[in-house]
1. Separation of region B:1-51 and region B:171-212 by C-alpha centroid, Å?
2. Quick one: grab the alpha carbon gyration tensor of region B:127-187, order the square roots of its eigenvalues as a ≥ b ≥ c, and give me rounded if a/c is under 1.5, else prolate or oblate depending on whether a/b is larger than b/c.
3. Which one, A:148, A:220, A:44, has the greatest fluctuation when you compute a Gaussian network model over chain A with C-alpha springs under 10 angstrom?
4. Quote the FRET efficiency, to the nearest 0.05, computed for residue B:202 versus residue B:91 with a Förster distance R0 of 30 Å and r equal to the Cβ-Cβ distance.
5. Can you tell me the relative contact order of region B:83-264? Whole percent, Cα pairs under 8 Å, sequence separation 6 or more.
6. For residue B:313 and residue B:111, calculate 0.36 nm times their separation in residues minus their Cα-Cα distance, and state this gained length in nm to one decimal.
7. So if I restrict to the alpha-carbon atoms in chain A, what is the Rg, and what is Dmax, the biggest pairwise distance, in Å?
8. Which of B:5, B:312, B:41 has the fewest other C-beta atoms within 10 Å, and how do the rest follow up to the most?
Amino acid sequence: MSSLIECEDVWKIYRVGDVEVQALRGLSLTIEQGEFVAIMGSSGSGKSTLMNILGCLDQPTKGHYRLNGIEVGNLKPDHLAGIRNQQIGFVFQSFNLIPRTSALENAQLPLFYRGLSLKEQRAQAAAALGRVGLQGREHHYPTQLSGGQQQRVAIARALVTSPSLLLADEPTGNLDTQSSQEIMKILETLNRDEGITIILVTHEVDVAAYAAREIVIKDGQVLSDRVTRARPTSSPVEA
Amino acid sequence: MSAFVWLTILTALRILARNRLRAGLTMLGIVIGVAAVIAMVSIGEGAKRAVQAQIATMGTNVIIIFPGVTSASGVRGSQGSAVTLTVSDALDLKKRIPLLADTGWTRRDVMQIVYGNRNWNGPINGISPSYLTIRDWSFTSGGPFSQTDLDSAARVALIGQTTVENLFEPGEEPVGAVVRIKNVPFRVIGVLAPKGQSAQGSDQDDVIFIPFSTAERKVFGTSFIGSVGAMFGSTDQVEDLPMAAEQIREVLRARHRLQTEQNDDFTIRTQVDLGKVQEGTSETLTMMLFAIASVSLLVGGIGIMNILLVSVTERTREIGVRMAVGAKRHHIMMQFLIEAMTLSLVGGALGIVLGITGAKLTTLIAGWPTIISGNVIVIAFFFSLVVGLFFGLYPANKAARLNPIEALRYE
Ligand SMILES: Nc1ncnc2c1ncn2[C@@H]1O[C@H](COP(=O)(O)OP(=O)(O)O)[C@@H](O)[C@H]1O
Ligand SMILES: [Mg+2]
């Protein structure tokens with residue numbers, strides 16, 4: 001069986017006017033199903049660029065990226081949208097909830113594009129909100145929720161489709177220490193109990209400590225890649 | 001309907017409700033356009049129907065021939081100034097033109113009519129009996145006079161409703177009464193059923209009919225014996241009118257010995273010609289309506305496009321999020337198209353309500369007849385839908401073509 005993520009000599013080159021910016025420079029990387037990876041590196045090193053490519057929001061300028069063995073590099077926008085909807089969940093630093101729309105409807109959003117019945121959408125979104133500890137807050141608007149709660153709605157939205165891959169680009173960057181810990185505990189549980197592959201970008205060492213593998217990026221290349229914690233055995237931990 | 005479309009419509013309505021003032025101002029163009037079209041078409045239809053009804057009171061398949069040359073509209077001040085048409089013309093026309101089912105003639109003068117101690121000045125018409133059938137006159141009581149009455153120059157009269165009202169007490173039976181015209185006693189033998197206003201606006205019920213021969217010999221004075229004020233003809237089929245009119249012209253020119261270079265000394269109008277004058281006016285009205293509708297729907301459409309472009313910009317991040325969680329291009333496209341159509345349809349519906357109210361108020365206040373047809377409502381609705389679709393297309397396409405990463409990063 002192929003790995004979940006295989007990056008092979010991936011380049012991303014932006015062109016701003018006459019200037020070329022090489023955000024990724026021949027980066028190679030393999031991540032297996034079920035891993036919990038922290039990506040670190042200084043600002044501008046290419047972490048977000050990499051995450052966008054891994055999340056099929058963007059495509060490499062050169063090189064190969066295979067997701068579940070499928071070459072993503074030359075797929076059409078609508079095909080990429082389908083892959084994102086089926087396999088990937090996103091959590092952003094700035095939450096990115098739709099304003100003036102309830103927690104439930106925000107969590108529903110990916111199902112909205114799956115053509116499920118309204119009833120099913122609601123049931124699944126409510127269940128996802130329950131999994132991040134937000135039962136009873138279904139009809140709250142983003143402005144009525146704390147930062148940590150908003151980020152939990154975003155996580156519910158990411159996992160409502162039961163994705164195989166959850167990408168979180170600095171998910172705790174806008175949160176206080178306590179909320180950060182709550183969010184990280186939720187992600188840890190999702191990885192441990194449901195086997196969801198999580199890739200997380202962070203600047204904070206204590207956040208990165210939740211992951212089992214730490215990849216440091218510098219100037220668009222992998223600087224170091226090490227296992228920081230023994231991976232849980234292939235059989236899930238019994239409760 | 002799929003859950004997607006349904007939820008998108010709900011979302012669109014919610015966004016409208018949230019920005020009520022903005023949405024209202026945006027819809028104003030469509031509202032006014034649709035309302036104007038509906039109100040004016042209803043008024044136009046009502047007026048057209050009324051005019052058609054008036055033209056129908058002329059009779060069925062009627063041709064009118066006046067002496068002298070008249071204006072193109074067929075409107076003519078008074079009859080009888082030129083003495084070019086005669087009873088023998090009318091009789092000869094009937095004999096020589098098989099298309100003519102009948103011919104009739106009339107000569108009129110305004111005179112005083114006296115009954116008891118009351119009097120009334122009204123037009124006295126000396127007519128042939130055929131005139132009554134050609135013009136479709138019917139009776140509320142009594143009946144027409146006959147050829148025998150004409151031959152014997154009998155002193156009998158038929159009177160219209162307006163004349164009845166002015167000469168008789170309410171409830172009094174005019175048939176059998178004796179009225180005097182120029183001191184000549186006439187026995188009333190029939191009361192005419194009302195016709196109302198003519199297409200030219202005169203009261204057709206202000207009238208007294210007496211036999212042509214009686215009028216010539218006993219009322220009008222004998223200076224021009226045999227000359228008529230107007231002649232009437234009728235055909236069995238409406239399609240025969242133009243041909244019959246042409247044949248009448250040839251016969252009359254020959255009878256009047258007109259040379260090729262001489263103009264007609266008479267004027268022929270058919271019922272169809274009169275209808276055409278009216279149709280012409282309603283066509284002008286329709287073109288005006290079309291212009292007003294186009295301009296206001298265009299303005300409304302541009303308003304919708306503008307507000308949607310603003311909305312796309314304001315919601316760039318939201319579009320990015322939707323794309324990130326799996327919205328395809330057609331999903332985003334649909335969302336904004338549905339928003340545009342919701343705006344235009346709500347505007348169209350308001351416009352329809354406003355237009356109908358306006359038409360009803362016009363009837364109520366100005367007393368103009370209005371006809372609200374289902375067609376114009378359906379068309380107005382359809383047009384607002386098309387406007388929404390057309391002017392929503394550009395903003396929707398713009399939204400659908402956003403790059404997800406740039407959209408997510410938009411501040
Ligand atoms: N859309 C873009 N256009 C031009 N340059 C970009 C764009 N996105 C990122 N870059 C550049 O690519 C490099 C990597 O950026 P990014 O991946 O956002 O870094 P990080 O997330 O590690 O801070 C930076 O030099 C940045 O300026
Ligand atoms: Mg970044």
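1. Going from one Cα centre to the other spans 54 Å.
2. Verdict is oblate for region B:127-187.
3. A:44
4. Plugging the Cβ-Cβ distance into 1/(1 + (r/R0)^6) gives 0.60.
5. Reported as a whole number, the value is 31 percent.
6. Numbers: separation 202, 0.36 × 202 = 72.72 nm, distance 8.08 nm.
Full extension from residue B:313 to residue B:111 adds 64.6 nm.
7. 17.7, 57
8. Least to most surrounded, the residues fall as B:5, B:312, B:41.
Only the coordinates and a few stated rules stand behind these numbers; no lab work does. Not measured: the values here are computed from a predicted model. Backbone-built Cβ (ideal geometry, glycine too); neighbour counts: all protein chains shown.
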